[in-house]
1. Among the residues of the range 29-75 satisfying the criterion of being closer than 17 Å to residue 95 by Cβ and in contact (Cβ under 8 Å) with a residue 60 or more places away in the chain, which is surrounded by the most Cβ atoms within 10 Å (Cβ to Cβ)?
2. When the residues of the range 82-114 are narrowed to those that are outside any strand (DSSP E or B) and among the hydroxyl-bearing types (Ser, Thr, Tyr), which ends up modelled with the lowest pLDDT?
3. Looking at (1) part of a helix (DSSP H, G or I); (2) over 16 Å from the mean Cα position of the chain (by Cα), can you tell me which one residue 79 breaks?
4. Could you list, in sequence order, all residues of the range 56-72 that are in a loop (DSSP other than H, G, I, E, B) and either more than 15 Å from the chain's Cα centre (by Cα) or within 15 Å of residue 85 (Cβ to Cβ) (or both)?
Amino acid sequence: MAKASLLAAFFLMAGWSCGVDESTRTAAPAFQTDEVVGQWVSMWNTYDLSLVDSLFLTDNRLTYFSSEKEGLIRGIEAVREHHVGFGFVEGGKEQENTLWLDDLQTQSFGETVS
């Protein structure tokens, strides 16, 4: 699941530069990969639905591929509902199991992260 969700996040971020007139675009702020991945892990460990909005684009341009559901999920409302289906609630809840990522390795290529 972690790889699919991270790939979805990557494609959302990579899509930022598609079709933009380079002469009018301003430099993007440095992307804090480790921080965002930490927030994503925290969201899954707390099942806090309110954290979904802090990690994803909050309108209908959002697209999300889930490793648990076939097909493309479109829009923030559908992504929220997807997480509600796993038991996410506003403010979160105590979880018996935890998610973690070891040995996270990233490389920055200017405005792109892999």
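The values are calculated or read from the model by the stated rules, or taken from the named source; none is laboratory data. Computed from a predicted structure; not experimentally measured. No Cβ is skipped: glycine too gets one built from the backbone with ideal geometry, and neighbour counts run over all protein chains shown.
1. Here the residue is 41.
2. Applying the first criterion (outside any strand (DSSP E or B)) to the range 82-114 yields 82-88, 90-107, 110-111, 114.
If we keep only those that are among the hydroxyl-bearing types (Ser, Thr, Tyr) too, we end up with 98, 106, 114.
Working: 98: 89, 106: 78, 114: 51.
Per the criteria, the residue is 114.
3. All conditions are met except number (2).
4. Within the range 56-72, 66, 67, 68, 69, 70, 71 meet the criteria.
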